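Bear in mind that the values in this text are calculations on the coordinates, not laboratory data. All figures in this text were calculated on a predicted structure; none of them were measured in a lab. With ideal geometry, Cβ positions are generated from the backbone for all residues, glycine too; neighbour counts draw on all protein chains shown.
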Amino acid sequence: MTTVALLGSTGSIGTQAIEVIEAEPDRFDIVALGANSSIEQLAEQTERVRPHVVAIADTTRAAELKEMLPSGVELLSGPEAMAEAAVRADVAINGVVGFAGLPVTLAVLAAGRRLALANKESLIAAGPVVRPLRDTPGAELVPVDSEHCAIHMCLRAGEGDRHLREVVLTASGGPFRGRSRQELEDVTVEQALTHPTWSMGPKITVDSSTLMNKGLEVIEAHELFGVSYDDIEVVVHPQSIVHSMATFSDGATIAQLSLPDMRLPIGYALAYPDRMDTPFGAIDFTDAFTLEFEPPDRDSFRCLGLAFEAGRVGGPPPHGCPAPTKWSSTDSSPAGCVGSTSRRSWNRCWIVGTGRVRSPSKRSSTQTGRRAWLPRS
């Protein structure tokens, strides 16, 4: 049986991961849970799955949580608590939101465990730090983001990246697809939080509405698979059925198709290199449906182009890209991202941590060659 540590367990990824594991209880055992401060939900989950250890980052709530836990459950608290809990299992799912997930990523890879990564900031903000840890004996990184999980599957089906020519990331277009820059000036947070196809947490939902999330995923794809930015394309696909594609040197394209259900990539990362027996997101191809693709509107949704530019420059700009998108669900305007044509948003995202804007070259000297992404035998 595979033991699992679930960090960020009270969030969207965490709650769906519990559903995946409960679908095949003979294969997986949750031995650790962790969250930032949601002690009521964390206590309920502890009663439900009975882990050995529970981690809470907010030390001010630790004593209260202790009173709510069943006897015999170990409680860890503090900034490093989730990282400590993460290495207690064979596989750790990092569903922590934002930069707070970085210690979990570092700890799991350094311990030679498998990391099911749903925290993209770990790679975007700290790629050079994470990169060498991926070579730790026993360490595996399997992406949980639907797009990068799809690429992982495509490369696996295509026998690796030896003949890879291009990676294509798909984007739903979000709730504001088709709107002009002028029309975007008056959109609200409530509208941004209404995603047409996916059920996600508030931060990623707002980022998706501005295509900032897709820009971050471009940088993440570069870090995960060592693909040049010139070989990464983004297309809008409103049905969210094709999750990403890989095109090879002979012109063949392999795509991963499924209904929009995050439980599929979560299950893929948990079971890898095996497969789940529960068909999350399975498509009934006897039902007629249409697949549409169109180029993104980079004039109205400028965060996408910004991310490409920041990635090509390398150094601090990619590390700063996630910063303006960090926000609380109680914010009236998340870091200026809603009303999303404000130049302040783009400039702030670009110069954070740099103090200046640099003109990107076509091919940055910081780009790496393609990495070996398949596990070592």
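Points to keep in mind about this one:
- Amide H partners (placed H, <5 Å) of residue 114, local residues excluded: 92, 140
- When +1 charges are put on Lys and Arg Cβ atoms and -1 charges on Asp and Glu Cβ atoms, the dipole computed for the stretch 2-144 relative to its Cα centre reaches about 440 debye.
- Only one residue of 278, 313, 251 has its Cα farthest out toward the positive end of the dipole of the stretch 249-314, where Lys and Arg carry +1 and Asp and Glu -1 on Cβ, and that residue is 313.
- Spatially, the stretch 8-39 and the stretch 47-122 are offset by 11 Å when compared through their Cα centroids.
- Under the Karplus curve 6.51 cos²θ - 1.76 cosθ + 1.60, θ = phi - 60°, whole-Hz ³J(HN,Hα) for the stretch 245-257, x wherever Gly or Pro sits: 9, 10, 9, 10, 4, 8, x, 6, 10, 9, 10, 10, 10
- Segments 1-11, 270-280 sorted - mean Cβ within 10 Å per residue, highest first: 1-11, 270-280
- Chain lengthening between residue 294 and residue 165 when straightened (0.36 nm per residue, less Cα-Cα): 44.4 nm
- Residue-by-residue Karplus 3J(HN,Hα) for the stretch 92-106, coefficients 6.51, -1.76, 1.60, Hz, glycine and proline x: 10, 9, 9, x, 5, 8, x, 4, 4, x, 4, x, 5, 4, 5
- Of the residues 96, 124, 23, the one whose Cα sits farthest toward the positive end of the charge dipole of the stretch 2-144, with +1 on the Cβ of Lys and Arg and -1 on the Cβ of Asp and Glu, is 124.
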